[in-house]
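*Asks:* Let me give you the structure first, and then I'll get to my questions.
Any read-out appearing in this document is the output of simple, stated calculations on the displayed coordinates, not a laboratory observation. All of these numbers come straight from a predicted model, not from anything done at the bench. Don't worry about glycine lacking a Cβ; one is built from the backbone with ideal geometry, like all the others, and counts go over all protein chains shown.
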Amino acid sequence: MNILETKDLHHDFSGLKVLFGINLQIEEGERHAVIGPNGAGKTTLFNTITGTYHPSKGKVFFKGKDITGYKPHKLARIGMGRSFQITSTFTRLTAFQNIRLAILAKHGIRFNLFRHVDKMKDITRETEKMLERVNLINERNVPAGLLSYGKSRALEISMAMATDPELILLDEFAAGMSRDETHNAVALIRKMTEGKTVVIIEHDMDVVFSLADRITVLHYGKILATGKPDDIRDNQDVKDAYLGDLQV
Amino acid sequence: MMKKTIKPILWLALLVILIFFPKLFGVYYTNVFVTFAIFATYAVAVNVLLGYTGLLSFGHAMFFGAGGYGTALALKHIDGLALMPAIGIGFLAAMLLALVLAPLVTRVSGTAFAMIHLAFGQLFYILALKLRHITGGEDGIGNFPIPAFTIPGLISIPLKGDPVNFYYLAIVIMGLSLWLMWFFTKTPFGQIQVGIRDNEKRIDYLGYKIPQTKAIIYVVSGAFSGLAGCIYGLFHNLVSADGSLGAMISFSPIIAAMVGGVGSFFGPIWGTAVFQVIEELTHRFTDRVELVMGVILILVVMFAPSGITGAVNTMKMKWHAYTASKAKMEKTS
């Protein structure tokens with residue numbers, strides 16, 4: 001079954017056309033990578049799916065339901081989470097408080113004005129468990145703005161996953177990471193997304209080919225090819241447009 | 001561990017000082033302290049928006065005034081109205097005003113938010129001047145009856161013309177307001193609030209509704225500003241356009257919050273205290289109090305941008321770093 005589906009999705013920024021009729025199908029439980037050259041429209045695709053932009057034409061379906069034009073908070077509540085290409089954490093809050101906000105959101109604790117948040121033991125325990133899983137427990141009380149780059153990326157990714165969404169969209173999670181950090185991040189994502197559906201945008205082909213079950217290649221706002229990693233590697237169109245002829 | 005035992009003792013000491021304040025310092029300083037308590041609460045209410053949510057309002061005087069005018073009008077026109085309902089009317093008037101404005105103002109932020117408030121603040125100021133038959137124009141509403149604080153069948157404490165009794169009423173109400181606002185910042189909702197300040201987009205993607213969240217914070221801030229204004233009106237037995245709705249009423253809590261430190265809950269209280277002391281001292285030499293305050297604000301912005309509390313924290317951190325490095329040096333040598 002397709003957990004996410006876009007039908008003839010178009011988007012233009014007041015005249016500048018970026019997406020031309022995208023028909024994307026994401027199967028439940030798979031790890032799907034979206035690749036393509038700079039300016040292909042990958043992030044715009046994410047933004048139209050997750051409600052940052054309203055698509056100018058076409059529809060988006062999530063779990064069979066038409067969610068076109070839903071606002072981000074509504075999508076978050078029905079089980080869609082995302083991370084950002086540019087790290088987007090609460091810089092003045094500690095790592096613990098960052099994750100805790102996601103955990104509170106997961107439990108639907110929003111307008112609670114009658115309890116001291118530090119005294120909610122279940123929330124604290126769950127947050128600490130999460131911090132342990134993502135290896136941030138030593139940085140528990142460090143403000144997110146002061147974390148090292150790799151650590152703040154890890155926080156970024158774990159915040160997207162802490163709300164326990166069914167579908168996670170990760171926008172270039174490894175951007176700017178060192179080899180070691182990338183390696184750790186890939187391991188982290190493998191561990192954290194067990195049994196979930198993940199869509200990633202990525203430029204690092206090692207990451208893409210090691211993580212993805214299926215790949216979609218985007219080129220100038222159109223889907224060039226979709227398929228298993230091996231098929232994509234051998235696809236002549238993809239080679240011409242993006243991968244090049246050098247054998248990986 | 002030391003801290004845990006010291007803290008309750010300090011609070012207890014504060015409580016004792018507050019109880020015996022009128023006896024220790026006399027009527028004049030008791031009145032000064034009431035003014036301080038009112039403006040400290042008001043500054044904290046403004047800071048709930050400014051420091052915790054990152055929204056700067058240049059027109060909070062309209063809430064301060066709404067509270068004052070609400071209570072004054074109610075006491076003037078309703079015969080035999082008791083004290084607590086009158087204060088409640090002031091509180092609700094400010095709350096209602098915030099509720100009406102919330103759908104509009106929560107959709108903007110930054111400069112637009114500040115400017116809209118400047119406009120609304122001035123609008124209410126002009127309205128109070130022009131609607132003479134209701135508000136008394138420039139003269140305001142003065143000498144309205146102030147009922148005694150009564151618990152039916154138990155006690156009746158007269159307030160009019162009794163500064164000491166009024167002191168206790170003001171301190172209890174302001175103390176309670178401060179505690180409620182402090183608790184507000186500690187709830188899960190308070191966490192969402194600082195989240196909005198740091199990163200609105202992320203809060204949205206976590207599944208929180210931003211305008212609704214902002215609206216609640218806005219109403220809380222407006223209502224407590226109104227409560228401060230209401231006690232202020234009762235304290236002077238007068239509400240007037242300049243005294244309760246003027247532009248300085250909007251700016252002074254912002255200045256106090258900035259001097260004290262917007263990043264902390266208690267910062268605005270320290271800031272208000274500093275200004276009270278300076279005002280007392282300057283008044284002995286000149287009436288140009290604003291001149292001195294302006295200079296201090298400039299100095300703080302230049303040399304301690306995070307205010308008094310920020311500067312103290314930085315010093316603390318430096319001291320810890322210094323002692324830590326010293327201990328390390330001793331260990332190695």
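*Asks:* If you check B:102, B:112, B:98, B:94, which single one turns out to be within 26 Å of residue B:215 (Cβ to Cβ), out of contact with any helix residue (DSSP H, G or I) (no Cβ under 7 Å at 6 or more places or on another chain) and in a helix (DSSP H, G or I)?
*Replies:* Numbers: B:102 fails: out of contact with any helix residue (DSSP H, G or I) (no Cβ under 7 Å at 6 or more places or on another chain); B:98 fails: out of contact with any helix residue (DSSP H, G or I) (no Cβ under 7 Å at 6 or more places or on another chain); B:94 fails: out of contact with any helix residue (DSSP H, G or I) (no Cβ under 7 Å at 6 or more places or on another chain).
After ruling out the rest, the residue left standing is B:112.
*Asks:* Just to verify a result, which residue in the range A:120-141, among those that are β-branched (Val, Ile, Thr) and more than 13 Å from residue A:161 (Cα to Cα), is farthest from the other protein chains (Cβ to nearest Cβ)? Give the derivation first.
*Replies:* Initially, the range A:120-141 is screened for residues β-branched (Val, Ile, Thr), giving A:123-124, A:127, A:134, A:137.
When the remaining residues are screened for being more than 13 Å from residue A:161 (Cα to Cα), the result is A:123-124, A:137.
On the way: A:123: 8, A:124: 12, A:137: 20 Å.
Among those that are β-branched (Val, Ile, Thr) and more than 13 Å from residue A:161 (Cα to Cα), it is A:137.
*Asks:* In the range B:252-310, which residues are part of a helix (DSSP H, G or I) and polar (S, T, N, Q)?
*Replies:* Step one: list which residues in the range B:252-310 are part of a helix (DSSP H, G or I), which gives B:252-260, B:267-283, B:289-303, B:307-310.
Correct list: B:252, B:272, B:276, B:282, B:309.
*Asks:* Checking residue A:68 against (1) among the polar types (S, T, N, Q); (2) in contact (Cβ under 8 Å) with a residue 60 or more places away in the chain; (3) in contact with a strand residue (DSSP E or B) (Cβ under 7 Å, 6 or more places away or on another chain), which single condition isn't satisfied?
*Replies:* Here residue A:68 meets the rest and fails (2).
*Asks:* Considering only residues that are assigned to a loop (DSSP other than H, G, I, E, B), more than 24 Å from residue B:210 (Cα to Cα) and of a type outside the set (Lys, Arg), which ones fall in the range A:24-76? Working first, answer last.
*Replies:* Filtering the range A:24-76 for residues assigned to a loop (DSSP other than H, G, I, E, B) gives A:24, A:28-30, A:36-41, A:50-56, A:63-64, A:67-71.
From the residues that got through so far, the ones that are more than 24 Å from residue B:210 (Cα to Cα) too are A:24, A:28-30, A:36-41, A:56, A:63-64.
Listed by number, the residues that qualify are A:24, A:28, A:29, A:30, A:36, A:37, A:38, A:39, A:40, A:41, A:56, A:64.
*Asks:* Continuing with this model, one more query. Condition first: within 27 Å of residue A:29 (Cβ to Cβ) and free of Cβ contacts under 8 Å to residues at least 24 places away in the same chain. Can you find one or more residues in the range A:82-103 that meet it?
*Replies:* no
*Asks:* Right, something else. Quick check: is even one residue across the range A:100-119 at the interface with chain B (Cβ under 8 Å from one of its Cβ atoms), on the phi < 0 side of the Ramachandran plot, touching a strand residue (DSSP E or B) at 6+ places or on another chain (Cβ under 8 Å) and in a helix (DSSP H, G or I)?
*Replies:* no
*Asks:* Mind checking which residues of the range A:63-95 are touching a helix residue (DSSP H, G or I) at 6+ places or on another chain (Cβ under 7 Å), under 19 Å from residue A:48 (Cβ atoms) and more than 12 Å from every other protein chain (Cβ to nearest Cβ)?
*Replies:* Of everything in the range A:63-95, those that are touching a helix residue (DSSP H, G or I) at 6+ places or on another chain (Cβ under 7 Å), under 19 Å from residue A:48 (Cβ atoms) and more than 12 Å from every other protein chain (Cβ to nearest Cβ) turn out to be A:67, A:85.
*Asks:* Next up: Check off (1) buried (at least 17 other Cβ atoms within 10 Å of the Cβ); (2) in contact with a Leu (Cβ under 7 Å, 6 or more places away or on another chain); (3) over 23 Å from residue B:264 (Cα atoms) for residue A:96 and give me the number that stays unchecked.
*Replies:* (3)
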